[in-house]
Amino acid sequence: SCCIPSFAQKPVYNELEFNVGPYELPTLFKKEPANKEEMRNTWEKKRRAYLLKLFKDNMYGQFPRKPKTMRIELQHSNPQALQGKATSKQVRCYFSKADSSVYMDVIIYIPNHLAQPAPVFMGLNFKGNHTIHNDPDIIISKRNKDLLLLNKDNGKTDPNLRGTQAERWELEHAMAKGYAVATAYYGDLELDHAEGWKQSLRSKISKELGLKPQDWAALSVWAWGLSRIVDYLETEDRIDASRILVTGHSRLGKAAIWAGANDTRIAAVISNNSGEGGAALSRRWFGETIHRINTSFPHWFVEKYKFYNNRPYLLPFDQHMLLALVAPRPLYVASATEDLWADPLGEFLSAQLTEPIYNSYGLRGLQGVSFPAPDTPVGHVVHYHRRTGKHNILLYDWQQYIAFADQYVIAKPEG
Ligand code: GTR
């Protein structure tokens, strides 16, 4: 038709604002509610569940319940970890009674100086628990070795190096600020390659959960794992389970948002450089595109999502609607200046477009804010920043997330 841009002719990757062209986003509601009260009502009673279903059916796949036979076993604990500043605990979550190979190892650090239960940052890690710090107590992930042996890690995995991802976790900083940190290796849930699902819990326990392996996809499996970490955190006396923040970088940021959308026990969502398939608008043809992501990572989304490769305009949603599923809980979206692949402007606009839903709860997000200069956090219950530098999660990012958590998750003020 006259108004539908011909996406088929567009490059599968674009870094020129000029090439974005016009696009029209679907609206949060089919029929604009008459007032805030009606909006909030419709959102809670109908629209939210409907959108969640659309995201499941067309993009991420199903998000099953907790397995009935899940059990948690303590593997190791150290009350004097990190030079006495924290207590560490390592637990193994078994998901199936019948198959003991289906498990996820969770490590948690809880600050020792707190008189009350700790709020907690929870997120998956890329390379194994032993890479988040050089703490010699951390059990080395065996599955991470599997990935190396399979030669499917693109040279990124070194199972022998402790602490190689420490700058992405900043444990000491979190402890000093009074936050616990909980993480698990995402490969425990599903190894990140096209055939990973065959060895993963997707092929082993889908049936127990009433699904077929192809009813969900890797991002849903990772997100579901985050919900299982929540199950564990709810059993920890020294954790304040009403203050669980989910965080994630890049593909794990996509998983973090999807977990937060599904699991309302999660008190706040932090998306670090999640980009395409995460916070960034899909119709805005900038950086990575649906076509490109489905080609490089065919296992991340359900088969049906490939239909939208060159037809994002036919999607019944866009990613601002995913972010809106986090409302009214605090939401932080962050980009990096050199990370054009993740489309910083598309991430900002998407976060800003959640505003009507937050407003209907009497809260303020990114209303009236323009795309900020680098290293300038903006907003209220919805926050945004664009760190100077590359695609990564660094101390600067953590500092902003912790300040945000202090203000909106601990103090919980209005708007
Ligand atoms: C890229 C992918 C992005 C992002 C990133 C990451 O290759 O295209 O969508 O997920 O990987 O996870 O670091």
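The values are calculated or read from the model by the stated rules, or taken from the named source; none is laboratory data. This is a predicted model, so every value here is computed, not measured. No Cβ is skipped: glycine too gets one built from the backbone with ideal geometry, and neighbour counts run over all protein chains shown. Heavy atoms of the whole protein, side chains included, go into the accessibility calculation; ligands, DNA and RNA do not. Shrake-Rupley method; radii C 1.70, N 1.55, O 1.52, S 1.80 Å.
Cβ separations smaller than 7 Å between residues 6+ apart or across chains give the following pairs from the stretch 113-126 residues that are modelled with pLDDT under 95 to residues that are in a loop (DSSP other than H, G, I, E, B): PHE126/GLN165. Can you confirm whether the stretch 381-393 contains a residue that is free of Cβ contacts under 8 Å to residues at least 60 places away in the same chain, away from the ligand (no atom under 16 Å from the Cβ) and of a type in the set (D, E, K, R)? Checking the stretch 381-393: at least one residue is free of Cβ contacts under 8 Å to residues at least 60 places away in the same chain, away from the ligand (no atom under 16 Å from the Cβ) and of a type in the set (D, E, K, R). With the condition kept exactly as written, say whether any residue in the stretch 66-74 is of a type in the set (Val, Ile, Thr), modelled with pLDDT under 95, over 22 Å from the mean Cα position of the chain (by Cα) and farther than 23 Å from LEU171 by Cβ. Looking for residues that are of a type in the set (Val, Ile, Thr), modelled with pLDDT under 95, over 22 Å from the mean Cα position of the chain (by Cα) and farther than 23 Å from LEU171 by Cβ, one finds at least one in the stretch 66-74, hence yes.
Every residue, every condition in (1) within 16 Å of the ligand (Cβ to nearest atom); (2) modelled with pLDDT under 90; (3) surrounded by fewer than 22 Cβ atoms within 10 Å (Cβ to Cβ); (4) of a type outside the set (D, E, K, R), yes or no:
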| position | (1), (2), (3), (4) |
| --- | --- |
| ASN160 | no, yes, yes, yes |
| ARG168 | yes, no, yes, no |
| HIS173 | no, no, yes, yes |
| GLU190 | yes, no, no, no |
| HIS193 | yes, no, yes, yes |
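Of all the criteria given as (1) in contact (Cβ under 8 Å) with a residue 12 or more places away in the chain; (2) under 30 Å from GLY210 (Cβ atoms); (3) of a type outside the set (A, V, I, L, M, F, W, C); (4) surrounded by fewer than 21 Cβ atoms within 10 Å (Cβ to Cβ), the one not satisfied by SER100 is (1). Summed over the stretch 327-376, the residues that are within 16 Å of LEU25 (Cβ to Cβ) and open to solvent by 10 Å² or more (accessible area, probe 1.4 Å) give a count of 6.
Just give me the residues in the stretch 303-316 being open to solvent by less than 10 Å² (accessible area, probe 1.4 Å) and assigned to a helix (DSSP H, G or I), in sequence order. TYR305, PRO312, listed by residue number.
If we keep just the residues of the stretch 274-289 that are under 18 Å from the mean Cα position of the chain (by Cα) and near the ligand (Cβ under 10 Å from one of its atoms), which is nearest to THR247 (Cα to Cα)?
At the first step, the residues of the stretch 274-289 found to be under 18 Å from the mean Cα position of the chain (by Cα) are 274-282, 288.
With the extra rule that they be near the ligand (Cβ under 10 Å from one of its atoms), the set shrinks to 274-278, 280, 288.
Working: SER274: 10, GLY275: 14, GLU276: 17, GLY277: 16, GLY278: 12, ALA280: 16, GLU288: 21 Å.
Top of the filtered list is SER274.
Does LEU226 fit the bill of being crowded, with 24+ Cβ neighbours inside 10 Å and under 26 Å from GLU167 (Cα atoms)? When the stated conditions are applied, LEU226 passes them.
Any residue at all in the stretch 317-326 that's open to solvent by 20 Å² or more (accessible area, probe 1.4 Å) and at pLDDT 95 or above? Don't jump to the end; show me each part of the working.
Here is the first cut: in the stretch 317-326, the ones open to solvent by 20 Å² or more (accessible area, probe 1.4 Å) are none.
No, the stretch 317-326 contains no residue that is open to solvent by 20 Å² or more (accessible area, probe 1.4 Å) and at pLDDT 95 or above.
Which residue, of ASP263, ASP215, ASP231, ASP240, is in contact (Cβ under 8 Å) with a residue 24 or more places away in the chain, away from the ligand (no atom under 16 Å from the Cβ), over 30 Å from TYR109 (Cα atoms) and surrounded by fewer than 24 Cβ atoms within 10 Å (Cβ to Cβ)?
Details: ASP263 fails: over 30 Å from TYR109 (Cα atoms); ASP231 fails: over 30 Å from TYR109 (Cα atoms); ASP240 fails: over 30 Å from TYR109 (Cα atoms).
Residue meeting the stated conditions: ASP215.
For the condition open to solvent by 10 Å² or more (accessible area, probe 1.4 Å), in contact (Cβ under 8 Å) with a residue 12 or more places away in the chain and of a type in the set (Gly, Ala, Ser), ALA255 does not qualify.
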